[in-house]
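The values are calculated or read from the model by the stated rules, or taken from the named source; none is laboratory data. The structure displayed is predicted, hence computed values, not measured ones. Quick reminder, even Gly has a Cβ in these numbers, built from the backbone with ideal geometry, and neighbours come from all protein chains shown. SASA here: full protein model, heavy atoms, side chains in, ligands and nucleic acids out. Shrake-Rupley method; radii C 1.70, N 1.55, O 1.52, S 1.80 Å.
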Amino acid sequence: GEKAAKRAITGMTYNVRSGLGDEKQGWYVMPLGHLGYLPQCARVIREARPDWVAIEEIDNGMQRSGGVDQTKVLAQLTGMKGYFFPKVQYEDGVYGLALLLREEPIKIWKIELGGSGKDHTRILAAAELKDAIVCATHFSLCKENRLEAAKKLKAAFGNTKKPVFIGGDFNLEPQSEEFAALNETFMSISGTNLKT
C-alpha cells in the first residue's frame, strides 16, 4: 500500500505558575473554587492548537490556588486529556507537572530526577503516543542537580525508537554545561536566543 504521510506533531510548554499570574507581591491565596488565570492560560493553549502541552508549576487541591484540580480545569477548558504528575506534597494539596494531550496515550509514567539541599524533588512526566514520546519537566535551580537530571534523561531515552520531545522549564542558559550535556542526546528545536 501507499506509505502513510508523515504528520507534524506540535508541542508547547507552559509554566502556568499555579494560575496565580505574575503578581509583583508574590504568592497569594485565591478564594475557594477560584480559577485565577487558568482561563487565560487555556485561551493561549487553544489558540496555539498543540497536540501536547508540557505544564509546569500546577496545583491540585491547594488552598493558594482555590483548592481546585488545575489539570482537570485546563483539560476541560482546552478540550484535551489532562494528566497530573505529583512532585511535592504539602499539607493542603500537591504541586507538580501536567501533560495535556489530544490523543489517548499508550502509557504514562514518571521519572524521578532527584533533588538535594534546599531543592525539592524534580521529576519528568512522560506519555507514549502513537508516533512519539512527549514529556514535561522542570529542572532544579541547582547546577549539580541539573547535570544529574541531564544524565538521567540520556539514560532513560538513549535507545528509544520513537522520537522523544521534552518541554519544560529548564532553569539554564544555552551556553551552560548542563545544556551541552542535554545536547549529547537531544537537540533544541526552539530558538535559544529569546527569553522563555
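Treating each Cα of the chain as one equal point scatterer and applying the Debye formula with no solvent, the log10 of I(q)/I(0) at q = 0.08, 0.09, 0.19 Å⁻¹ comes out as -0.27, -0.34, -1.45.
Mean sequence separation of contacting Cα pairs (under 8 Å, at least six apart), scaled by the length of region 34-102, corresponds to a relative contact order of 37 percent. Placing +1 on each Lys and Arg Cβ and -1 on each Asp and Glu Cβ, with no other charges, gives region 22-159 a dipole about its Cα centre of roughly 300 debye.
Among the lysines of region 16-135, pairs that are 8 or more positions apart or on different chains and have alpha carbons within less than 27 Å of each other number 17.
Got a number for carbon plus sulfur as a percent of region 117-193's accessible area, 1.4 Å probe?
Values: 2150 of 4150 Å².
Carbon and sulfur: 52 percent of the exposed surface of region 117-193.
Counting only protein heavy atoms, what percent of the accessible surface of region 43-87 is carbon or sulfur at a 1.4 Å probe? Carbon plus sulfur share of accessible area: 43 percent. For LEU129, nonlocal amide neighbours, meaning residues 5 or more places apart or on other chains whose placed amide H falls under 5 Å from its own, are ILE106, VAL134. Judged by the ratio a/c of the largest to the smallest principal axis of the C-alpha gyration tensor, region 80-173 counts as oblate, that ratio being 1.5 or greater while a/b is no larger than b/c.
Rolling a 1.4 angstrom probe over the protein heavy atoms with all chains in place gives the chain an accessible area of 57 Å² per residue. In a reduced charge model with +1 at each Lys and Arg Cβ and -1 at each Asp and Glu Cβ, region 37-88 shows a dipole moment near 120 debye about its Cα centre.
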